[in-house]
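FYI, it's all coordinate maths here, none of it is from the lab. As the structure is a computational prediction, the values presented were derived from the model and not from experiment. FYI the Cβ positions are ideal-geometry reconstructions off the backbone, even for glycines, and counts take in every protein chain you see.
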Amino acid sequence: DEAKLSEALIQNLVKNLPEQKELNALAELKNEYEDLCESEQFGVVMSSVKLLQPRLNGILFKLTFEEHINNIKPGIMAVTIACEELKKSESFTRLLELVLMIGNYMNSGSRNAQSLGFNISFLCKIRDTKSSDQKTTLLHFLADICEEKYQDILKFPDELEHVESASKVSAQSLKSNLDSMGHQIQRLENDIK
């Protein structure tokens, strides 16, 4: 009866479950049930359950499923909402166009001139790219141009209110949790076959 089984109890059962040959030996003691101590009686009862290990794994997964989902869902939702904001933000799109335009200007005369796009990781390098006199960074130059000619671009942070919280979500942790759930589901599928 799953209603009487707690997560801690199932975890202890899974952790301390005897090997199959020990369960088989306990099953042979069924006729001597009354003469056995309580722990051996428990073992005899457990040995009578068909597919005990897979059933315990299934029950444990069922008991912990909602908790796993509740742990993963906020991070996934934060990233999803932030991605939607990025896709819909006109000012951020214009900022990226401006970065591409400046990059093409800087690369004029080279093989990278008139690129149709750039790798998003380039945005991290904007603050480190300096002018020839080493006094101004590309980030400062970009901010100055936006303040002078493209002030509508400067409102992009207002359109991306969830990006900061999404940036705190650990992609590695999310992937690890999803992979773990995937392995558990795969194990359950294999147990059912």
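Once you treat every alpha carbon in the stretch 90-159 as an equal point and sum by Debye, what is log10 I(q)/I(0) at q = 0.20 Å⁻¹? Debye curve over Cα of the stretch 90-159, log10 I(q)/I(0) at q = 0.20 Å⁻¹: -0.90. A Förster distance of 25 Å, applied to the separation of the beta-carbon atoms of S170 and A8, puts the FRET efficiency at 0.35.
When +1 charges are put on Lys and Arg Cβ atoms and -1 charges on Asp and Glu Cβ atoms, the dipole computed for the chain relative to its Cα centre reaches about 980 debye. Label zone of L51 (point 7 Å out along Cα→Cβ, amide N under 11 Å): in the stretch 173-193 this covers 188-193. Taking other C-beta atoms within 10 Å as the exposure proxy, C83, C124, C146 rank C124, C83, C146 from fewest upward.
The residues F92, F141, when put in order of fewest to most other Cβ atoms within 10 Å, stand as F141, F92. Ranking T137, N112, V99 by Cα position along the charge dipole of the stretch 90-159, where only Lys, Arg, Asp and Glu carry charges on their C-beta atoms, puts N112 farthest toward the positive end.
Taking other C-beta atoms within 10 angstrom as a stand-in for reagent exposure, H140, H183 fall in the order H183, H140, fewest first. Here the simple spin-label model places points 7 Å from the Cα toward Cβ, and for D179 and Y105 these points are separated by 4.4 nm. Calculated over the chain, the projected area of the Cα convex hull averaged across directions stands at 18.9 nm².
A Förster radius of 25 Å, combined with the Cβ-Cβ distance separating K15 from I192, puts the computed FRET efficiency at roughly 0.65. For the stretch 46-119, the spread of Cα coordinates along the three principal axes comes to 80, 27, 12 Å, biggest extent given first. GNM remark for the chain: springs join alpha carbons under 10 Å apart, and the peak mean-square fluctuation among S131, S89, S173 falls on S131. Of the complete DSSP H runs in the chain, those spanning 20 angstrom or more by Cα along the long axis with a mean Kyte-Doolittle score not below -1.0 are 52-88, 90-106, 171-192.
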